[in-house]
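Remarks on the structure that follows.
The values are calculated or read from the model by the stated rules, or taken from the named source; none is laboratory data. Since we're looking at a predicted model, the values are computed, not measured. Glycine also receives a Cβ, built like all others from the backbone with ideal geometry; neighbour counts cover every protein chain displayed.
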Amino acid sequence: MLKEYIQGVRSLSIIGMCKNAGKTTVLNKLIAELNESRVRLGLTSIGRDGESTDLVTRTAKPGIYVYEGTLVATAVDMFRLSDITREIIYSTGWPTPMGEVAVVRARSDGNVQLAGPSMTAQLSALVDVFSSFGADMTIIDGALSRKTLCAPTVSEATILCTGASYSRDINVVIEDTAFSTALLTLPRQESFSEAELDIPMNGKIRFKRADGTVEQMKDGLTLAEALRCREYADVKSAYITGAVTDATIKPVLMGGAKLKGFELSAEDGSKLLLSHDSYEKLLIRGVRIGVRRPVKLAAITVNPVSAYGFHMDPKLLLDSMRAAVSVPVVNVESKDED
């Protein structure tokens, strides 16, 4: 059962490697398990979900089934597409293309469609709203490529969904999911204290020198340029605010700076938007990579059935994924996961 991996979690995000990775199946499984355990649940999404037909592939999708007492935050235009009896208990004031996001309490069991807020700060605020109305846990259903949902500032734990819809090649599914897992589960950085990271600075990059001095990288320099400067010869670590991309890292790798023992860190694993090649080259060069707020990846789920009409061997997919990562891996479609 999935719920054993999220014990004590106040907020959970479900994200996918691609569309049709099985997120809705995972969500429904969790909702049912938590209902059996009498966990009071708050439910929302970033983007739209719960429609009966995928709007891109035109394939059938499972609906989102909730139980009486569940709190749901969704745009008001979604009410007419849901079949629950509901009570509006809170208006957020947050507009979406499908109307304001409102919080309702389900007065009956039934299917819902979700269209929650689009900003991570709003999703974080919803966790508190749900809690104020009695929810024990909030589940945020993530949209395609919105891995920022797994940031600890939004959710305490994350489930990553992957499977045959990502690629016809099982090796690609395994390798790319394992790489995403590596980024999401990076360890806590060791160079900067919380107080040092809280120092207000205008720039995106701050350095720490060998003597412990923390300072902002000078304006007008790239990270690669700074690491080649004699002025920064004693810099031992860098913290990057915001996204860490190949555009920043590739010039560093090509620049000839001595990187062995250097620590590169970011806010959390969702901010590391690096290619597999750049990531591996950093490690080969002796760079330590860490984060300020580690992500708790509770589990990975695999879906051997593709929305595009083909299947993978369920046991091979499950066993191969378990061998490639160090977090629990579950096939939620299987009655016997082992």
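Residue count for region 15-32, restricted to those that are part of a helix (DSSP H, G or I) and either crowded, with 21+ Cβ neighbours inside 10 Å or not assigned by TED's automatic domain parsing to the domain that holds T162 (or both): 5. Scanning region 237-259 for residues that are over 23 Å from the mean Cα position of the chain (by Cα), modelled with pLDDT of 95 or more and not aliphatic (A, V, I, L, M) yields S237, K250, P251.
Within region 272-289, if we keep just the residues that are without any contact (Cβ under 8 Å) to a residue 40 or more places away in the chain and touching a strand residue (DSSP E or B) at 6+ places or on another chain (Cβ under 8 Å), the residue that is surrounded by the fewest Cβ atoms within 10 Å (Cβ to Cβ) turns out to be L283.
Candidates are the residues of region 237-259 that are buried (at least 16 other Cβ atoms within 10 Å of the Cβ) and of a type in the set (S, T, N, Q); the one that is farthest from K281 (Cα to Cα) is S237.
Taking (1) without any contact (Cβ under 8 Å) to a residue 24 or more places away in the chain; (2) out of contact with any helix residue (DSSP H, G or I) (no Cβ under 6 Å at 6 or more places or on another chain) in turn, S167 satisfies each apart from (2).
If you check L259 against the conditions, is it in the same structural domain as L282 (by TED's automatic domain parsing), of a type outside the set (D, E) and part of a helix (DSSP H, G or I)? No: the conditions fail for L259.
Checking L71 against (1) under 24 Å from the mean Cα position of the chain (by Cα); (2) surrounded by fewer than 21 Cβ atoms within 10 Å (Cβ to Cβ), which single condition isn't satisfied? All conditions pass for L71, except number (2). Can P304 be described as in the same structural domain as A151 (by TED's automatic domain parsing), closer than 23 Å to T181 by Cα and in contact (Cβ under 8 Å) with a residue 24 or more places away in the chain? Spelling it out, P304 is indeed in the same structural domain as A151 (by TED's automatic domain parsing), closer than 23 Å to T181 by Cα and in contact (Cβ under 8 Å) with a residue 24 or more places away in the chain. When residues in region 195-227 are screened for being in contact (Cβ under 8 Å) with a residue 24 or more places away in the chain, within 21 Å of K271 (Cα to Cα) and part of a helix (DSSP H, G or I), 3 of them pass.
Scanning region 143-180 for residues that are within 30 Å of V129 (Cα to Cα) and β-branched (V, I, T) turns up T148, T153, V154, T158, I159. Return yes or no: is A157 among the hydrophobic types (A, V, I, L, M, F, W, C), farther than 19 Å from K29 by Cβ and modelled with pLDDT of 95 or more? Considered against the rule, which asks whether it is among the hydrophobic types (A, V, I, L, M, F, W, C), farther than 19 Å from K29 by Cβ and modelled with pLDDT of 95 or more, A157 comes out as no. The listed residues are L186, L149, L144, and the only one of them that is crowded, with 18+ Cβ neighbours inside 10 Å and modelled with pLDDT under 95 turns out to be L149.
Inside region 125-135, residues that are without any contact (Cβ under 8 Å) to a residue 40 or more places away in the chain and closer than 16 Å to I46 by Cα make up a count of 1.
Scanning region 106-119 for residues that are over 22 Å from E68 (Cα atoms) and either in contact with a Gly (Cβ under 8 Å, 6 or more places away or on another chain) or touching a residue at least 40 places away in the same chain (Cβ under 8 Å) (or both) yields P117, S118.
Residues in region 290-315 that are β-branched (V, I, T) and surrounded by fewer than 19 Cβ atoms within 10 Å (Cβ to Cβ): 1 in all. Taking the listed residues T153, T138, the one that is in contact (Cβ under 8 Å) with a residue 24 or more places away in the chain, farther than 23 Å from L318 by Cα and in a loop (DSSP other than H, G, I, E, B) is T153, with no other qualifying.
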